[in-house]
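Everything below concerns the one structure shown next.
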Amino acid sequence: MMDYTGLKCPVCEKPFASGDDIVVCPECGAPYHRECYAKVGSCVFSDKHGTPDAWAPPRPESNAEET
């Protein structure tokens, strides 16, 4: 399971904290506070599902130094 701590909810823009009730879009995986998703009623990225612009989790930062 992915750790969403620190990512921002696309509805309220508040960062997710440990213990938050988080739901994810079954289509693209975008995370939401359950209350925010219920308020909007669907994924805010639904118009981008199936396209290269669809939501994707952030890439882990590389700690390797470039030479």
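Annotation note: Cβ proximity below 8 Å between a residue of segment 1-24 that is closer than 18 Å to Cys43 by Cβ and a residue that is among the aliphatic types (A, V, I, L, M) and open to solvent by less than 80 Å² (accessible area, probe 1.4 Å) (sequence gap 6+ or interchain) occurs for Tyr4/Ile22; Pro10/Ala30; Pro10/Val44; Val11/Val40; Val11/Val44; Phe16/Leu7; Phe16/Ile22; Val24/Ala30. Based on what the data block shows, is Thr67 open to solvent by 50 Å² or more (accessible area, probe 1.4 Å), among the polar types (S, T, N, Q) and at pLDDT below 90? Yes. Within segment 38-58, being of a type outside the set (Gly, Ala, Ser), open to solvent by less than 80 Å² (accessible area, probe 1.4 Å) and either in contact (Cβ under 8 Å) with a residue 60 or more places away in the chain or over 20 Å from Met2 (Cβ atoms) (or both) holds for Val40, Thr51.
The values are calculated or read from the model by the stated rules, or taken from the named source; none is laboratory data. In this text, all values refer to a predicted model and were calculated from it rather than measured experimentally. Every residue, glycine as well, gets a Cβ built from its backbone with ideal geometry; the counts of neighbours run over all protein chains shown. Ligands, DNA and RNA are excluded from the accessible area calculation, which covers all protein heavy atoms including side chains. Shrake-Rupley method; radii C 1.70, N 1.55, O 1.52, S 1.80 Å.
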